[in-house]
Structure formats: structure tokens, C-alpha cells
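This report concerns only the one structure given below.
Here, each number is a calculation from the coordinates, and none is a lab measurement. What you are looking at is a predicted structure, and each value in this text was computed from that prediction instead of being measured. Here the Cβ positions follow ideal geometry from the backbone for every residue, glycine too, while neighbour counts run over all protein chains shown.
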Amino acid sequence: MLLIWKVIGNLRNKKQAERKRKERFYEKNAMSNQIKTYIMFAGPAMFFFFAVVIIPFIYGVYLTFTNWDGISEKKELIGITNYIAVFQDGGFWSALLLTLSYVTVSTILVQVIAFLLAYLLTSGLKGQNFFRAGFFTPNLIGGIVLGFIWKFVFSKAFTAFGDMISIPLFESSWLSDPIKAFFALILVTVWQYSGYMMLIYVAGFVGVPKDLMEAASIDGCTNIQRTRHIVIPMMVQSFSICTFLTLTRCFMVYDLNVSLTGGEPYGSTIMAALYVYQKAFKSKQYGLGQAEALVLFVVVAVVAVTQYYLSRKKEVEA
Amino acid sequence: MTKGKTVAGGRKAVIMNLIKLVLLASLLVLYMIPFFLILVNSFKRKITIIKNPLMLADPKGFSFENYSSAFWEMNYLRAFGNSLLITFVSVVFIVLFASMAAYFFARTRSFAAKFSFSLIVAAMVIPFQTIMIPLISIYGNMLGMLNMRSTLIFMNTGFGMGLAIFIYYGFIRSGVPVSLEEAAIIDGCTPYQLFFKIVFPLLKPTTATLVVLDVLWLWNDYLLPSLILGKKRLYTLPLSTYTFYGTYSSDLGKIMAGLVLTILPVIVIYLILQKQIISGVVAGAVKA
């Protein structure tokens, strides 16, 4: 009798142990299953992302502490010498200052013109879509080609135009004068991005609820009051998107800079991105160039994040 | 009295609309002048361009000579083919891998998934110029992988991941019902079947947005290709335009024709797919 109980007990124990083992097996399986699905779905993306973005970024931070010239085998760790050199490199700071003024002027002009265009193009005119498509066209074409097109316009067409009706502003090429060349860069940037940002503002205008506008009209608002007190507050989100996009794009301008002015005349229009490029690949100071690239990154990030939070505060729920 | 007022208001509105229309039309003409000048001058001889770039036509008539020489000297067909190949394969990779990863991140609550997604979103603020120097020193000096189209495609895919995953993630979270997936699991779908047969087709609008954004970016990209592709036979269109300009900068007629040839494919596509391109750009900007 006792024996039977023992056997049954043993069996039960065995079963329990087996169940436990099974449970543990399933748990483990769930874990390895998760890893498997991670690799199956996110694996390729993470591989590309790490290989191209994360590893180079980390390696880039390491490079700033070396004196590598891009060719030789040996790289010496030299501490923060590069960062000290960044602060002593006047060329870098004047390029950065030039970039800041370029970004400020173009961002403001782009917003004003894009907003006005969008305002005109949402008032129910005939052929609105045609105009929208037309103003957007420059954005289909890369900065290199746009720069070459405008180089011709500034150096040949404008001068011919200036000769013809004798406007002194156009008589000599804008690209041969440091200040005019700077404004040439701004003109092309505004020409290009105003059509892009216009589309986003148009979407914003279309998104302003109609009933709100009607209610305001019934309450006796004038057109200007409606724009001032309803449309503009509702457009803050579009403003913040457009400002953010223009800011970040203008900060990193390279293609247009290379093809329109090439930094000329006398290296007076070299923007930060072009400066960093030349430091690394022309004068072969990889460590210093990378340190300057990182400083540029920090400046852009600080400006963009500040802008983002400032405008987020002012947004209104629709 | 009231009738008179509405008529007057109506007339006023008509006049206002007319003013707006004239204003917009003249602005659009101003915007288009650079393209127009390039086009007009591409049919003229070098001498007439220098003499008067504003003259509409050469006194000796239209000539297509500029086009034929630009076409051959730019190696147009080869550059066009390279651009097409690189853009197409990169976009396919980006769409495929990003949608898969975004689906996984949107449906998994594990730490690894959350962490990976946050890392990808955070890395979107890193500008390309901050990565290019180490990128070239790793893939060029260490691995010797420069001058290969596949290297460029590989890098494009990596750089395209951030935005693509971010946009897909948002769409899957808000627009793909979980109940549908549960039904498919009960019916015995494997994870890949579930994704490719049920989820991926639902992502079509987002995929269209991404294709527009990525094609515009990759087709026109200059800096990265210029660092990777150093051999003429590998050049993409922007690269060959750049070199062509450098070689023939004094031969303006050829340059104009070359520029028109570079722009032409994009404009043709734009005329056909205008609506899709515009809505894609807006959707991309508003979501990102």
C-alpha cells in the first residue's frame, strides 16, 4: 500500500518536474523567438543603420582625438589638441558666422514669401494647382544643377540685362563681389525653398476648420481680423515645420555653395559645410576637420532644438 | 440698396481676383526665367550667347549641335543608367527593410525594440557632414570599398533608414488594425506571410510618400556619390554634370544643352506624376 503511494508520488513528482522543464523550455523558446523575430524583421535595417551611421559617428569622435592625415598608417592620440585648434581656427569661425547670417536671412525671407504665395494660392483662384506645381519646380532639381543654371544667369544674363537698360546693380556680375555673391546665394535659396514651404503652408491653410471661419464672419470679424486671430494662430504648426526644415537645410548647404560660387571670390563665400570638406579632403587634416564637423553638428542641434521648443509652445490645438 | 452693394462687392472681388492672378502670373514668370534662359541659349551658337544671352534665337536658326555633343561628351546614357540603377535599388532596399523594421518596432514592447527605435529617431538629427569623414576613412582606407556602385547603394540604404522607419512606424501605429493580424495568426500565418501578404499592402500610401521623397533625394544627391565614385564610368548624372561643367566651362552652348539634358527626365516625370509628387512631399514634411 505504502509502496503504491510512493510510486504514485514519484510519478507525480516526475510529471511536475517534466512540466517545469517544459515550461522553462517554452520560456526560453519565447526568448529565443523574440530574438529570432528581431533579427528577421529589424535585423537588416539595424545592420545598415549601424554600419553607415552609428559606427562612423563613434569612430568620428575617436578621430577628433588623433592627428591622422588621411593617408599614413599611423595615427597618434593627441588628446584635445584638435579642439583647441578648432577654437583658434579663424577661418572656421568666419565660415560659421557667414553660415549663420545666411541661414537667418534666407529662413526669414523663405517664410515670408512662401506664406504670401500660399495665402494667394488658397483664395480659390482659377488654376491654383497649376501655380502651386510651377512654384515647386526648382525643388525637383539638385543643388549642383541649380547652382550652374544661376551662375549663367548672374554672370551672363543679368549683366546683359544691366547693360541694356543700364541699372548699375546688374552691370557687373554679382558673383565677382563678396557681398553680392553672398546675396546671390540667398536669392537662389529663397527662390528654391519658397516653393517647397509654400506647399506646407497651403496644407496648413486648407486645414483651418471652415466652421471656425464662418463663426468668425457671423460674429462680424473683418477679413484682416480673421487672418490675425484665427488663421495665424492655427498656422503656427506649419510655421514651426517650415522654419525647422529651412533652418536645417540651409545650415548644411553644400551643393549650391560648390556650384554657384565655389567659395569665390577670394574665399569669401565658403560656408561651414564646404569649409569642413576642404579641411579634411583638401588640406588632409582629418582629425581637425572632424572636430569642426562635430562642433557644427552641436551648433545646428542647439539651434534646431531651441527653435522647435519655442514654436511648439505657441501651437494651438485645432 | 442691398442688391447694389452685393454687385459692387462682386465686382470688387472680381477685380481683386484679377489683381491676384496677374501678380501670381508675373511671379511665376520671374521664377521660370532661369530655366527659360537655359533652354533658349542651348539652341544658340557660342558666339551669339556671349554677344547677347537675352536674344531668343540665333540669327542662323536653331541648332541641335550643342545637344549632340553634350549628349556624347557627358556620357549621358551611361550616367543616366547609373543614376537609375543606384536610385532604384536603394529605394527598394529602403522601403523593404524600413517597413519590416518599423512593423516590428510598432508591435513589440521589448526593451531591445524600444531602444533600437529611439536610437534611430535620435540619430536623424546627425547631419551627413558629421559622418562623411569617418565614413570615407572606414570604407575607403580600411576596407577599400570605394569606386563601387554597390557601396553607394549600401550607404544610401543606411542613410535612408531613419526617416523611412519613422514615417512607417507612425502609420502602422495609427492606421493598421491589430485585429486583422490576430485573425491571420489564428489562421496559421507565419510572421513573414503575415507581414508581406497582409500588413505591407496596407502601407501603400506611406510607401508612395517615401518613394517620392527618396527618389528626389537620391537622384539629385551629389556629395556622397562624389566621395564614393571616383571613376568616370561610374558617374551619376549630377557627377557627370559637374565634371562636364568643369571641362567645358567656356563653351556655353554645350553647357546649356548639358544642363537641359540633366533636368529633362525629372521634368517629364513631374508632368506625368505631378499630383503624387506634390502630395508625397507634403505628407513627408508634415509627418516628419
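Structure data summary
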read-out: Those trypsin sites (Lys or Arg not before Pro) in the stretch B:225-277 that DSSP places in a loop and that have at most 14 other beta carbons within 10 Å; value: B:Lys231
read-out: Helix A:90-120 vs. chain A, principal-axis angle (Cα, 0 to 90°, nearest 10); value: 80
read-out: Sorted peptide list for A:256-269, A:282-295, criterion being average Cβ within 10 angstrom, highest first; value: A:282-295, A:256-269
read-out: Exceeding the 20 Å Cα-Cα cut-off - candidates A:Lys314/B:Lys275; A:Lys151/B:Lys275; A:Lys36/B:Lys114; value: A:Lys314/B:Lys275; A:Lys151/B:Lys275
read-out: Rounded, prolate or oblate (a/c below 1.5 giving rounded, otherwise prolate when a/b exceeds b/c) for the stretch B:159-288 by Cα gyration tensor; value: prolate
read-out: Prolate/oblate/rounded label for the stretch A:115-170 (Cα gyration tensor, a/c 1.5); value: oblate
read-out: Nearest 10 degrees, 0 to 90: helix A:286-313 Cα axis against chain A principal axis; value: 90
read-out: Mean-position separation - Cα centroids, the stretch B:177-210 and the stretch B:228-262, in angstrom; value: 45
read-out: Cα-based Rg and Dmax for the stretch A:254-318, where Dmax is the largest Cα-Cα distance (Å); value: 16.4, 53
read-out: Rg over Rh [alpha-carbon atoms, Kirkwood Rh] for chain A; value: 1.22
read-out: Peptide-level mean, for A:238-244, of C-beta atoms on other protein chains within 10 Å; value: 1
read-out: Rounded if a/c under 1.5, otherwise prolate or oblate - the stretch B:1-150, Cα gyration tensor axes; value: oblate
read-out: Over the stretch B:66-214: Kirkwood hydrodynamic radius from C-alpha pairwise inverse distances, Å; value: 17.8
read-out: Pairwise centroid distance, computed over Cα atoms, of the stretch B:108-162 with the stretch B:8-30, Å; value: 50
read-out: Along principal axes, Cα extents of the stretch A:111-252, largest first, whole Å; value: 56, 35, 27
read-out: Relative contact order computed over chain A (Cα-Cα under 8 Å; 6+ residues apart), in percent; value: 26
read-out: Cα-Cα over 27 Å, subset of A:Lys126/B:Lys12; A:Lys126/A:Lys180; A:Lys282/B:Lys44; A:Lys282/B:Lys46; value: A:Lys126/A:Lys180; A:Lys282/B:Lys44; A:Lys282/B:Lys46
read-out: Helical segments meeting 15 Å axial Cα length and Kyte-Doolittle 0.5 threshold in chain B (DSSP H); value: B:2-42, B:76-107, B:111-123, B:149-175, B:204-220, B:252-287
read-out: Mean separation of Cα contacts under 8 Å (6+ apart) over length of the stretch A:259-315, as relative contact order %; value: 18
read-out: Separation of the B:Ser150 and A:Ser217 label points, Cα + 7 Å toward Cβ, nm; value: 6.3
read-out: Test item: B:114-124 mean partner chain Cβ contacts at 10 Å; value: 2
read-out: Test item: A:51-64 mean partner chain Cβ contacts at 10 Å; value: 6
read-out: Protection proxy ranking of B:17-25, B:159-167 - average other beta-carbon atoms within 10 Å, highest first; value: B:159-167, B:17-25
read-out: Flagged links, alpha-carbon separation over 27 Å, of A:Lys75/A:Lys279; B:Lys51/B:Lys231; A:Lys156/A:Lys284; value: B:Lys51/B:Lys231; A:Lys156/A:Lys284
